[in-house]
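Input: a single structure, listed below in structure tokens.
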Amino acid sequence: DLALYRSKDEGGGRHNVYEPQLHSHAEERRVMEIALRKALEKDEFSLAFQPVVDAASESLIAFEALIRWSNPEFGQVSPSRFIPLAEDARLVVPIGNWVLHRACREAVTWPADVRVAVNVSAEQLYEPDFVETVVEALSETGLAPQRLELEVTESVFLREGSRAGETLDQILALGVGLSLDDFGTGYSALGYLSKTRFTTIKVDRSFVQGAANGMQESIAIIRAVVAMAESLGMSTTAEGAETEHEVRVIRDLGCKKIQGYYYGRPMTADDVASLFGGQQTTLYG
Ligand code: C2E
Ligand code: MG
Ligand code: MG
Ligand code: MG
């Protein structure tokens, strides 16, 4: 993508305008990668946990663990920014292992009917010992496999010969749940849905917003995803519901679970612990 910008600049003769920006962007990536390399040992990562509720009862059923990076030089860096960088630099495997262990360690202190969802990058899944890593995280923390759910995106099926399908089957055989994240935003060849028995399909926030704004296309897509999931024996989660209106629209469309700012923003592990101080499992209880 950098090359694309460069040739455009050269053609348009706007070297002076774009070149310094381009340079600082590449340079920033390089410096950020160096910082990322040291972030684990410097203990700069933490996890935030966002509630997922049952659409019908509004009771809390899970938290999604979301990584946070706080660095002295860069401040708070969004995972949308540094995870792709970590993937390119092959740092996402150790970082992902850390997330998995930390998330399980936290979840084991919660009420037994509350699960934890952990995002897994394709690069992690392609590691030959990935299943072992998951087994280890469970046995070291004592978390029941049924309380763990891994979230992957369609991109895991992109690399040929990666045996992603087999790895996912082994994960399912452990009793661990499996969610298909950001559904509808990537390459959707759908064929893999007949092979991998995902527990849940997560409908991307863009469709949730669209449906709430009355966009017929988004409504049709959510309807189709819900119907397809149901006939495949899978559940559905709507991502990113921010308003009561969005929640109502999603629920009417039949999504089984809801996650979004309306029910709760990502919160610290301590906030989650104090939420459970009174053993309550409903957010508005
Ligand atoms: P995701 O897995 O789809 O996670 C949901 C993202 O949507 C989170 O952003 C969450 O804070 C945000 N979100 C939730 N509800 C709402 C809402 O109502 N409105 C809006 N506008 N946003 C909402 P976050 O934490 O910035 O994470 C972004 C992405 O980074 C994640 O998307 C996931 O792809 C990746 N990511 C986060 N943590 C990890 C991790 O531990 N490992 C890996 N491999 N990727 C991670
Ligand atoms: Mg996710
Ligand atoms: Mg998502
Ligand atoms: Mg998303």
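The values are calculated or read from the model by the stated rules, or taken from the named source; none is laboratory data. Every value quoted in this text rests on a predicted model; they were computed, and no experiment measured them. Neighbour counts are summed over all protein chains in view; Cβ atoms, including those assigned to glycine, are modelled from backbone coordinates with ideal geometry. Surface areas here come from the heavy atoms of the whole protein model, side chains and all, with no ligands, DNA or RNA. Shrake-Rupley method; radii C 1.70, N 1.55, O 1.52, S 1.80 Å.
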Exactly one of (1) within 16 Å of ligand 3 (Cβ to nearest atom); (2) open to solvent by 40 Å² or more (accessible area, probe 1.4 Å); (3) in contact with a Leu (Cβ under 9 Å, 6 or more places away or on another chain) is unmet by THR200. Its number? (2)
Check GLU160, GLU136 and return the single one that is farther than 17 Å from HIS101 by Cα and either away from ligand 3 (no atom under 16 Å from the Cβ) or surrounded by fewer than 20 Cβ atoms within 10 Å (Cβ to Cβ) (or both). GLU160
Over segment 164-183, the set of residues open to solvent by 30 Å² or more (accessible area, probe 1.4 Å) and within 16 Å of ligand 4 (Cβ to nearest atom) is ASP182
Of all residues in segment 195-220, which are more than 15 Å from ligand 4 (Cβ to nearest atom) and hydrophobic (A, V, I, L, M, F, W, C)? PHE198, ALA211, ALA212, MET215, ILE219, ALA220
With the condition kept exactly as written, say whether any residue in segment 247-269 is touching a residue at least 12 places away in the same chain (Cβ under 8 Å), open to solvent by 30 Å² or more (accessible area, probe 1.4 Å), closer than 20 Å to ALA48 by Cβ and among the polar types (S, T, N, Q). yes
Just the residues that are in a loop (DSSP other than H, G, I, E, B), in contact with a helix residue (DSSP H, G or I) (Cβ under 6 Å, 6 or more places away or on another chain) and closer than 17 Å to GLU64 by Cβ, please, taken from segment 224-254. GLY240, ALA241
If a residue has to be within 16 Å of ligand 2 (Cβ to nearest atom), surrounded by fewer than 18 Cβ atoms within 10 Å (Cβ to Cβ) and among the hydroxyl-bearing types (Ser, Thr, Tyr) to count, how many in segment 71-126 make the cut? 2
Of GLY142, GLY186, GLY175, which residue is small (Gly, Ala, Ser), more than 24 Å from ARG90 (Cα to Cα) and in contact with a helix residue (DSSP H, G or I) (Cβ under 6 Å, 6 or more places away or on another chain)? GLY175
